[in-house]
Amino acid sequence: MLADLYATLLPNGWVTYAAGGALIGLGTVFVYSLTGISVGASTFLESTLSYVSDRPRFAQYRASRDWRVVFSLGIVLGAAAWAFTFGDGPWLTDVQPWRLALGGILVGVGTRLGKGCTSGHGVCGVGSGSKTSVVNVATFLAVAIGVAQLVAAIGVSP
Amino acid sequence: MVAKDHEAHPLFLPAVFVGGLVFGVGLAVSEMARPEVVLDFLQFEDFGLLLVMGGAATITAGAYAVIGHLRDSAPLTGRAYERRLKSFDRNVLLGGTVFGVGWGLSGICPGAAYASLGIGNVTILWAIGGMFAGAYLQGWLRDVVTGDGSPAAAAEVSD
């Protein structure tokens, strides 16, 4: 019965998830221990816009924009290094472009308005015991679950 | 607190890069770069995402609790070891809600999107383009509607 429950909750096992989560944590801790910086992936969006836009909202990130590019480049190349060696190689998502584009716009607005995303709030903020981050994560998890189930229920797939 | 982010130490950018590499490997190994896997979680078909976020947050929590007691400041920057604490206001709820709609619709978040691109999933550029457009739209709205370009408003840097 426990085996049934396990197969229901984790049909693809736990190893890849736990190992991946541990590495995400280790990457975060590596930067924090050497620099004191709590990394987050979504500020890169605004800090990078400061290269091409003079808006004051983006200009505040000029001081950090270079290392944020370097960190994001590390994410891209780290994922590539895994995929093309031990991983499954390249693949393309089947999720429809309109879902990615519209969802992406809302992710861009929401993460910037809400002061962080799955890494800034979800990993560093929750790891810091920040109530603000716990509330933000609970909010986006609950809303995302509702939206994903609704979208599936009205027959949008993939 | 506004810290000097243009760090002069020659190992600063290499350290950030290595951290990013490990972070990116983690996103690839954990399958979070695959929107389908995130959508499976949101539809209660595979709860692996909880292990990923929980595992990463647990390791981070342990390090954040310990490192500050071992050293006064970070070796490459001289920064104090501070926790990541943001002030709470209604934007935290509003932003979380908008992010949740986008994440539930697309199955992708910023870090996972960069990793997905590295894996060769060029289709994810739709999402990354959307994220930049959304970030610009939000910045434009803040500047134009609220005139929020003041140093005071810019004091709290977010991730």
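Numerical summary
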{"item": "Longest DSSP-loop-exposure-free segment, chymotrypsin sites (Phe, Trp or Tyr not before Pro), chain A, at most 13 other Cβ within 10 Å", "result": "A:87-158"}
{"item": "Per-bin percent of Cα-Cα distances, segment A:92-158 [5 Å]", "result": "4, 16, 21, 22, 17, 13, 7, 2"}
{"item": "11 Å cut-off, amide nitrogen to a point 7 angstrom out along A:Tyr6 Cα→Cβ, residues in segment B:36-59", "result": "none"}
{"item": "Max mean-square fluctuation residue, GNM over chain A, Cα-Cα springs under 10 Å, options A:Gly116, A:Gly104, A:Gly125", "result": "A:Gly104"}
{"item": "Shielding of B:80-90 by partner chains, average beta-carbon count, 10 Å", "result": "6"}
{"item": "Exposure proxy ranking, count of Cβ atoms within 10 Å, fewest first, for A:Leu106, A:Leu5, B:Leu27, A:Leu150", "result": "A:Leu5, A:Leu150, A:Leu106, B:Leu27"}
{"item": "Axial C-alpha extent at least 20 Å, average Kyte-Doolittle at least -1.0 - helices from chain A (DSSP)", "result": "A:15-35, A:65-83, A:97-113, A:131-153"}
{"item": "Exposure proxy order (Cβ contacts within 10 Å, fewest to most) of A:Arg55, B:Arg90", "result": "B:Arg90, A:Arg55"}
{"item": "Qualifying chymotrypsin sites (Phe, Trp or Tyr not before Pro) for segment B:33-71 [loop in DSSP, other Cβ within 10 Å: at most 12]", "result": "B:Phe44"}
{"item": "Residues B:Thr146 and A:Trp14, FRET efficiency given R0 of 51 Å [Cβ-Cβ distance, rounded to 0.05]", "result": "0.65"}
{"item": "Model label zone, B:Leu70; criterion: amide N under 15 Å from point 7 Å along Cα-to-beta-carbon; scope segment A:27-61", "result": "A:27-37"}
{"item": "Shape call, chain B: gyration tensor on alpha carbons, a/c limit 1.5", "result": "oblate"}
{"item": "For residues of A:46-56, the mean tally of beta carbons on other chains within 10 Å", "result": "4"}
{"item": "Span-rule helices in chain B, defined as complete DSSP H runs reaching 20 Å or more along the axis (Cα) with Kyte mean at least 1.6", "result": "B:12-29"}
{"item": "Proxy reagent accessibility, fewest Cβ within 10 Å first, across B:Met32, B:Met53, A:Met1, B:Met131", "result": "A:Met1, B:Met53, B:Met32, B:Met131"}
{"item": "For A:84-91, mean number of other protein chain Cβ atoms within 10 Å", "result": "4"}
{"item": "Longest to shortest principal axis, alpha-carbon extents of the protein assembly as shown, angstrom", "result": "53, 45, 35"}
{"item": "Sites A:Gln149 and A:Trp91, calculated FRET efficiency, Cβ-Cβ separation with R0 25 Å, nearest 0.05", "result": "0.50"}
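The numbers here are math on the coordinates, done by the rules we state, and not lab data. Being a predicted model, the structure only gives us computed values, none of them experimental. So basically every Cβ, Gly included, is an ideal-geometry build from the backbone, and we count neighbours across all protein chains shown.
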